[in-house]
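To start, the structure under review is shown below, and the notes come after it.
The values are calculated or read from the model by the stated rules, or taken from the named source; none is laboratory data. Predicted, not measured: the structure shown is a model, and the values here were computed from it. Here the Cβ positions follow ideal geometry from the backbone for every residue, glycine too, while neighbour counts run over all protein chains shown. For accessibility, only protein heavy atoms count, side chains too; no ligands or nucleic acids. Shrake-Rupley method; radii C 1.70, N 1.55, O 1.52, S 1.80 Å.
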Amino acid sequence: MRQKIVAGNWKMNLGYNEGLSIFSEVINMVNDEVTGAQTAIVCCPYTYLHSLAQLVKGHSQISVGAQNCHQEEAGAFTGEISAKMIRSVGAQYVILGHSERRQYFGEKNELLAKKTDVVLGNSLKPIFCIGETMEERENDRFFELIKTQLSEGLFHLTDTQFAQVVVAYEPVWAIGTGKTASAAQAQEIHAFIRQEIAAKYGQETADDTTILYGGSCNTKNAKELFSQADIDGGLIGGASLKSRDFVDIIKAF
Ligand code: PEP
């Protein structure tokens, strides 16, 4: 059975005290209100990782993740953060290939493949983001694009490595815009992603892979999205900054 996950991406938001207080509220609400086996992950700024990881000790339903990492193990890369550093402060996940990293920092599939290797090599799990722009959707190029993002970013992995990966389908046009893919649009792509994984790694691996939807997912649309056969949860930006909304989205399963 694949894992159900709701992951929050705080991006470059929230001060330290505010972040800790929201995270504490999330822990308490999850403990009191969430009964299923789903996992909640909060991907916070690097400088908060250690504190959040300390708070989450003993709470098996909640994990902490980073939003990026450098592709090299270590070395003269002033200002960068390695996967090993992220692991050493108690995080378990790293978002890779978010569309904002692709768009504003020029991250390409080849670089993301290297980041995936270094993340897995340090016993972290990648939440690997893929998705098309509106132009690519309108030009009917999105299936081809998704296929390339998967094959160039992830399909060099061995079966054992791939089993650690969480895939997040995030149509770029839906991120932070308030426009959500319809449940049918999202399901269509999720089924396609699973089919591509099955073609490469076999049906069993594909059936066990968690595929998240991201893009203006909120308390109103989460239930319908999460009820689709191939949608195993969400990657949540804006709505993860409010503890009540984030936990209500977790409860939408
Ligand atoms: C995201 O940044 O991954 C995201 C899905 O953002 P939002 O939920 O705000 O659209």
Legend entry - the stretch 52-110, residues that are without any contact (Cβ under 8 Å) to a residue 12 or more places away in the chain and touching a His at 6+ places or on another chain (Cβ under 7 Å): F77, E80
Inset, instruction - State which residue pairs qualify: first residue of a type in the set (G, A, S) and inside the stretch 231-245, second residue more than 12 Å from the ligand (Cβ to nearest atom) and modelled with pLDDT under 95 in any location, beta carbons under 7 Å apart, and separation of 6 or more residues or different chains. - result: G233/Q38
Inset, instruction - Name every residue in the stretch 20-36 that is surrounded by 15 or more Cβ atoms within 10 Å (Cβ to Cβ) and modelled with pLDDT under 95, in order of residue number. - result: V34
Legend entry - Every pair of residues 6+ apart whose Cβ atoms lie under 8 Å, when the first sits in the stretch 158-178 and is farther than 14 Å from E100 by Cβ while the second is near the ligand (Cβ under 9 Å from one of its atoms) and of a type in the set (G, A, S): V166/A7; Y169/G214; G178/S216
Inset, instruction - Starting from the stretch 198-222, take each residue that is without any contact (Cβ under 8 Å) to a residue 40 or more places away in the chain and list its partners that are near the ligand (Cβ under 9 Å from one of its atoms) and open to solvent by 10 Å² or more (accessible area, probe 1.4 Å), counting only C-beta distances under 6 angstrom and pairs at least six apart or across chains. - result: N218/A239
